[in-house]
Amino acid sequence: MRGNLGWLLAALALGGCSSPFERMWSGLEQCRFDGLYLDPESGEPGNPALARYRPWKVEEGFAWFRVEEHYRDIPVSGFVVPASSFDVHLLFIPLPLDEARRQFMHYFGTDFSDVRPYRDGTAPLLTRNRGDLETSVLDCTRPEEDDED
């Protein structure tokens, strides 16, 4: 029993007690995700954690999900992942932009308002959702890489 407790404590320490949703979105601060997409041919998730969720729509190369989750302690009401070659990942935050910025500053030390790293694809940009002003969007869009050498 004591050995099992040691393994459990070690696993919790290494996992940081993060939720499966948080682990799925690890890399958010740099807009680098491990398999966070739906395969455009099969519709299969590239990340096993994504299989826990079902998109409510898949269109124009994007899979849209409605959820009631948290990233750190920030509420998340939905997300978008690629179902094509586009490298676009969005989190919908059910907070007005000013409150969302305060939350991100508290938990991340930045409010993700700087457009320069966003344009480089190295950080997300937190914006107002044009379709719902009471919701904010954390946008991780990476520029398409040229295949030319």
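For region 85-144, what is the relative contact order in percent, using Cα pairs closer than 8 Å and at least 6 residues apart in sequence?
Taking the mean separation of contacting Cα pairs over the length of region 85-144, I get 44 percent.
Before rounding to the nearest 500, sum -39500 (n - 2.57) across all DSSP H runs of length at least 4 in the chain and divide by the residue total; then give [θ] at 222 nm in deg cm²/dmol.
Value at 222 nm, helices only, nearest 500: -7000 deg cm²/dmol.
Bear in mind that the values in this text are calculations on the coordinates, not laboratory data. Predicted model only: the values in this text are computed from it and were never measured.
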